[in-house]
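Everything on this sheet refers to the single structure shown next.
The values are calculated or read from the model by the stated rules, or taken from the named source; none is laboratory data. The model shown is predicted, which means the values in this text are computed figures rather than measured ones. Cβ placement follows ideal geometry from the backbone for every residue including glycine, while neighbour counts extend to all protein chains displayed. Just the protein is used for accessible areas: all its heavy atoms, side chains included, with ligands, DNA and RNA removed. Shrake-Rupley method; radii C 1.70, N 1.55, O 1.52, S 1.80 Å.
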Amino acid sequence: MWYRVGVTIGTEAIMTEIMQIKRPDSLSKIAEERIRKGIIKGAFRLGESLQEAKLSEVLGISKTPIREALAALKLQGLVEIIPQRGAFVFSLSQDDVVELCQYRLFLETAALERAINVSRDAFLAALGDIVTQMAAARSADSFELYLELDAEFHDTFFSCCGNHYLQEGYQKVGDIVRTMRTHLSKQSERTEKSFAEHEAIVTHLDEGRFDTALAVLKRQITRGERSYSDLIGANQ
């Protein structure tokens, strides 16, 4: 194996990265991402009709990539496609809500325990930094940023747990959880409770009280279960 004189392996790698031309996303991928963000951020109501013609007009593209985007979002659980009726933002029954929250609790409990055992210092530092940013977002009345940080807080359980199966399991419902959180957090008192619980989880973990931190997490998720049920009932 040989290399050109005066050119190191690192330099070649940098040049390759700089010179490579990245292919732009297809129209269907762009549409998929725009619609996904719209659902997660609450631009669409739960169960709302997603009309291809209207989306085509708003996004300025033909119906074909819109149709492909909706099909991809169906696989992610964010869209329901009903034959002869069309596409709709997902909706959940009362039983679905209970099962979703149970699933979330199982996964987050396991990931939290793994993360605190596998990478305690880095994990706690990451959570502490996120809580600091959440406080700043609340002070600035930045609702969207606060929700993004809320999601990042829980995502950190999985990024630090060292188990890709847990990560993949959570990813399957992550966007659904984010969407529900958006709809539920529009009341200031919910954000206040949420922030206090996130702070408490970090404090308890830092002081070695894992079971107490877990109790706060469980209370947060089960309260979400009851609130989600109220939200579903209001939209039916």
Worksheet item: So how do 48-55, 30-37 stack up, highest first, on mean other-Cβ count within 10 Å?
Response: 30-37, 48-55
Discussion item. Using Stokes-Einstein with the Kirkwood hydrodynamic radius over Cα pairs, what translational diffusion coefficient do you get for the stretch 23-145 at 10 °C and a viscosity of 1.306 mPa s, in µm²/s rounded to a whole number?
Written reply: 91
Worksheet item: Rounded if a/c is under 1.5, else prolate if a/b beats b/c, else oblate: with a ≥ b ≥ c from the C-alpha gyration tensor eigenvalues square-rooted, which is the stretch 26-95?
Response: prolate
Worksheet item: Which distance in nm do the two modelled labels at Ser62 and Arg45 give, with both placed 7 Å along the Cα-to-Cβ direction?
Response: 3.3
Worksheet entry | Rounded accessible area of Phe44 (nearest 10 Å², 1.4 Å probe) | 40
Discussion item. Within the stretch 30-110, what whole-number % of the accessible surface is contributed by carbon and sulfur, with the 1.4 Å probe and all protein chains included in the calculation?
Written reply: 53
Discussion item. How would the stretch 152-199 be classified by its alpha-carbon gyration tensor: rounded, prolate or oblate, with rounded meaning a/c under 1.5 and the a/b versus b/c comparison settling the rest?
Written reply: oblate
